[in-house]
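Engineer: This is the structure I want to talk about, given as structure tokens.
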Amino acid sequence: MSYAFLIVTLVGAAAVTLAYRPIRREPFTIVSFVSGWVAGELGFQNIVWQMIATAIFISFGALHGWAGWLGLAVAVVDWVGLLGLGIAGRRAAAVTAAALDEVRSDAFPVPTQPMAPTWGRWWRVTRAIPFKSREVQTTCNIDYWGDGIRRHRLDVYRSRLAAPEKAPVMVYIHGGAWIIGDKREQGKPMMYELVARGWVCIAINYRLSPKATWPDHIVDAKRAVAWVKEHIAEYGGDPSFVAVSGGSAGGHLCALLALSEGDPAFQPGFEEADTAVQACVPFYGVMDMTGSPEGSGRYGPGLLEMLEKTVMKTKESEHPEVFRGASPTFRVRPDAPPFFVLHGVNDTLVPVETARTFVERLRAVSREPVAYAELPLAQHAFDVLASLRCQATTSAVADFLEGARAAATPDDGPSASASPISPDAESETRS
């Protein structure tokens with residue numbers, strides 16, 4: 001029992017170590033990501049369950065040998081490390097507040113005081129899994145293309161308590177390296193928060209590689225936005241204010257969508273459709289699809305090799321224009337909509353340097369605000385679980401979007417008549 005206890009504590013310590021000092025080289029990046037992500041986003045929860053596990057081990061005699069005592073010492077050090085990770089997650093609110101301070105102005109009136117989370121109450125954060133409340137109404141699997149393909153479907157989220165009318169709209173694009181993922185899996189905390197504030201949210205699916213070949217993915221995303229512009233009023237949404245967001249590959253797609261308005265190559269057969277968006281919020285997006293060692297190639301050739309073999313199905317050396325044309329970094333433009341870019345410093349899958357470069361280039365040309373939050377000790381996918389960091393970032397994103405919305409309608413202000421869901425009225429159910 002003593003040795004088993006020591007092994008368990010060493011595994012926990014390794015996860016905490018990777019949260020602070022991730023390994024960014026293949027073949028260790030995935031293990032580093034998963035370990036650091038769980039430890040970093042659930043620091044306080046990990047302390048609780050590890051203390052319970054330690055008590056159980058001790059009750060079965062784990063301290064009857066030197067290995068058990070060493071394991072206890074390792075566990076205590078582990079808890080100290082987890083406490084630091086939890087505090088870092090809590091301090092994300094200050095980081096996002098500073099990012100909003102940089103873009104706040106009379107013309108872009110982000111709230112001066114952060115609005116308290118409506119959906120992300122403390123008891124939701126303790127259990128981490130983002131279950132929705134009964135007050136969130138979901139209409140599932142709407143065919144946005146009309147061709148019957150299962151990947152061409154979207155879900156609409158809106159409030160049951162107050163029927164939205166001309167509500168602002170958020171379109172969320174899931175991640176998964178362009179080869180996996182589903183609209184039911186990601187972006188839930190942010191969408192639930194926005195619905196609670198009176199928004200209508202859309203989660204879309206799109207064709208995935210290797211069956212799909214670039215640019216199928218962005219074409220589908222644009223077709224979904226075109227559907228939103230044409231039909232969202234039927235669900236209480238305002239087609240004149242549509243924001244777009246996504247994480248990882250979804251962060252790439254939402255940024256590219258926002259920066260490629262009017263590109264007929266990405267709108268075959270619906271070139272005249274309105275796919276413009278009024279704000280964009282990419283989370284840890286792949287902004288550079290080339291193999292540049294200063295960009296996404298910083299962690300090695302793994303991403304480029306995957307793109308060439310599975311997504312683009314061509315070599316960058318043969319068609320560099322395909323990879324550059326797919327990169328938001330090389331698509332920055334003066335008429336870009338307002339952007340709020342969020343990225344974790346400890347991201348092992350997408351280098352934070354790609355976000356820095358993208359923001360620098362976009363700020364140099366854009367006429368609209370570009371907010372940037374670089375989150376200390378944050379891994380990839382920090383917004384998936386209902387963690388303290390996720391609570392802070394989703395609340396800040398909602399505030400940013402309110403500023404963007406007010407800027408887009410300076411005379412009349414926000415037009416939605418729906419009221420936020422009252423936290424006191426919420427009751428929970430698993431979706």
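Engineer: Regarding GLY198, is this residue buried (at least 24 other Cβ atoms within 10 Å of the Cβ), of a type in the set (Gly, Ala, Ser) and at positive phi? Don't jump to the end; show me each part of the working.
Structural biologist: Details: buried (at least 24 other Cβ atoms within 10 Å of the Cβ): no; of a type in the set (Gly, Ala, Ser): yes; at positive phi: yes.
The answer is no for GLY198.
Engineer: Then there is this: Give the number of residues within the range 80-96 that are assigned to a helix (DSSP H, G or I) and surrounded by fewer than 19 Cβ atoms within 10 Å (Cβ to Cβ).
Structural biologist: Quick first cut of the range 80-96, residues assigned to a helix (DSSP H, G or I) only: 80-90, 92-96.
Pick out the ones that are also surrounded by fewer than 19 Cβ atoms within 10 Å (Cβ to Cβ) and you get 80, 83-84, 87, 90, 93-94.
Total meeting the criteria: 7.
Engineer: Can you give me the ranges of the helices (runs of 4 or more DSSP H) entirely in the range 290-396 with at least 2 residues that are free of Cβ contacts under 8 Å to residues at least 24 places away in the same chain and either basic (Lys, Arg) or crowded, with 23+ Cβ neighbours inside 10 Å (or both)?
Structural biologist: Working: elements: 302-306, 320-325, 352-365.
It comes to 352-365.
Engineer: Taking interchain pairs and intrachain pairs at least six residues apart, which have beta carbon atoms under 6 angstrom, with the first residue in the range 147-159 and closer than 11 Å to LYS183 by Cβ and without any contact (Cβ under 8 Å) to a residue 60 or more places away in the chain and the second among the hydrophobic types (A, V, I, L, M, F, W, C) and part of a strand (DSSP E or B)?
Structural biologist: Short answer, once both residue conditions are applied: ASP155/CYS140; ASP155/ALA203; TYR157/VAL136; TYR157/CYS201.
Engineer: Between VAL286, VAL281, VAL332, which is in contact with a Phe, Trp or Tyr (Cβ under 7 Å, 6 or more places away or on another chain) and β-branched (Val, Ile, Thr)?
Structural biologist: Details: VAL286 fails: in contact with a Phe, Trp or Tyr (Cβ under 7 Å, 6 or more places away or on another chain); VAL332 fails: in contact with a Phe, Trp or Tyr (Cβ under 7 Å, 6 or more places away or on another chain).
Checking each option against the conditions leaves just VAL281.
Engineer: Another question, then. Could you please find all residues in the range 163-193 being under 16 Å from ALA404 (Cβ atoms) and either among the small types (Gly, Ala, Ser) or outside the structural domain of TYR144 (by TED's automatic domain parsing) (or both)?
Structural biologist: Passing the criteria: only ALA167.
Engineer: Considering only the range 332-347, state which residues are of a type in the set (Val, Ile, Thr) and over 14 Å from the mean Cα position of the chain (by Cα). So that I can check it myself, show each step before the final result.
Structural biologist: Let us first name the residues in the range 332-347 that are of a type in the set (Val, Ile, Thr), namely 332, 341, 345.
Those that are of a type in the set (Val, Ile, Thr) and over 14 Å from the mean Cα position of the chain (by Cα): VAL332, VAL345.
Listed here are the residues, each with its yes/no results for (1) surrounded by 23 or more Cβ atoms within 10 Å (Cβ to Cβ); (2) touching a Cys at 6+ places or on another chain (Cβ under 9 Å); (3) over 23 Å from THR354 (Cα atoms).
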site: LYS166; (1), (2), (3): no, no, yes
site: ILE180; (1), (2), (3): no, no, no
site: ARG184; (1), (2), (3): no, yes, yes
site: ALA203; (1), (2), (3): yes, no, yes
site: VAL225; (1), (2), (3): yes, no, yes
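Engineer: Still on this model: May I ask you to verify whether ALA404 is assigned by TED's automatic domain parsing to the domain that holds VAL244, closer than 27 Å to ALA167 by Cα, surrounded by 23 or more Cβ atoms within 10 Å (Cβ to Cβ) and under 15 Å from the mean Cα position of the chain (by Cα)?
Structural biologist: Numbers: assigned by TED's automatic domain parsing to the domain that holds VAL244: yes; closer than 27 Å to ALA167 by Cα: yes; surrounded by 23 or more Cβ atoms within 10 Å (Cβ to Cβ): yes; under 15 Å from the mean Cα position of the chain (by Cα): no.
Spelling it out, it is not the case that ALA404 is assigned by TED's automatic domain parsing to the domain that holds VAL244, closer than 27 Å to ALA167 by Cα, surrounded by 23 or more Cβ atoms within 10 Å (Cβ to Cβ) and under 15 Å from the mean Cα position of the chain (by Cα).
Engineer: Just a yes or no: is a residue in the range 120-127 of a type outside the set (A, V, I, L, M, F, W, C), more than 20 Å from the chain's Cα centre (by Cα) and either exposed (fewer than 14 other Cβ atoms within 10 Å of the Cβ) or at pLDDT 95 or above (or both)? I'd like the intermediate steps shown before the answer.
Structural biologist: First, the residues of the range 120-127 that are of a type outside the set (A, V, I, L, M, F, W, C): 120-121, 124, 126-127.
Those left that are additionally more than 20 Å from the chain's Cα centre (by Cα): none.
No; the residues of the range 120-127 include none that is of a type outside the set (A, V, I, L, M, F, W, C), more than 20 Å from the chain's Cα centre (by Cα) and either exposed (fewer than 14 other Cβ atoms within 10 Å of the Cβ) or at pLDDT 95 or above (or both).
Engineer: Can you tell me which of GLY43, GLY61, GLY86 is outside the structural domain of SER395 (by TED's automatic domain parsing), at positive phi and of a type outside the set (Ser, Thr, Tyr)?
Structural biologist: Unique residue meeting the criteria: GLY61.
Engineer: Looking for whichever is modelled with pLDDT of 95 or more and either under 30 Å from ALA398 (Cα atoms) or polar (S, T, N, Q) (or both) here; the options are ALA93, ALA116, ALA73, ALA98. Which one fits? Show your work before the answer.
Structural biologist: Values: ALA93 fails: modelled with pLDDT of 95 or more; ALA116 fails: modelled with pLDDT of 95 or more; ALA73 fails: either under 30 Å from ALA398 (Cα atoms) or polar (S, T, N, Q) (or both).
Sole residue among the options that is modelled with pLDDT of 95 or more and either under 30 Å from ALA398 (Cα atoms) or polar (S, T, N, Q) (or both): ALA98.
Engineer: Separate question: Condition (residue is surrounded by 19 or more Cβ atoms within 10 Å (Cβ to Cβ) and closer than 30 Å to GLU368 by Cβ) applied to the range 42-56: is it met by at least one residue?
Structural biologist: no
Engineer: Separate question: With closer than 24 Å to VAL397 by Cβ and either modelled with pLDDT of 95 or more or not assigned by TED's automatic domain parsing to the domain that holds GLU271 (or both) as the only criterion, which of ALA212, ALA221, ALA196 stands out? Walk me through how you get there before you give the answer.
Structural biologist: On the way: ALA212 fails: closer than 24 Å to VAL397 by Cβ; ALA196 fails: either modelled with pLDDT of 95 or more or not assigned by TED's automatic domain parsing to the domain that holds GLU271 (or both).
Of the residues listed, the single one that is closer than 24 Å to VAL397 by Cβ and either modelled with pLDDT of 95 or more or not assigned by TED's automatic domain parsing to the domain that holds GLU271 (or both) is ALA221.
Engineer: Which members of the range 257-289 meet the condition of being part of a loop (DSSP other than H, G, I, E, B), hydrophobic (A, V, I, L, M, F, W, C) and within 20 Å of the chain's Cα centre (by Cα)? Talk me through it step by step, then tell me what you get.
Structural biologist: Kept after step one, since they are part of a loop (DSSP other than H, G, I, E, B), are these residues of the range 257-289: 260-263, 267-278, 284-289.
Okay, now just the ones that are also hydrophobic (A, V, I, L, M, F, W, C), so 270, 273, 276-277, 286-287, 289.
Result: VAL277, VAL286, MET287, MET289.
The values are calculated or read from the model by the stated rules, or taken from the named source; none is laboratory data. A quick note: this is a predicted structure, and the numbers were derived from the prediction, not measured. Positions of Cβ are generated from backbone atoms using ideal geometry, with glycine treated the same way; all protein chains shown enter the neighbour counts.
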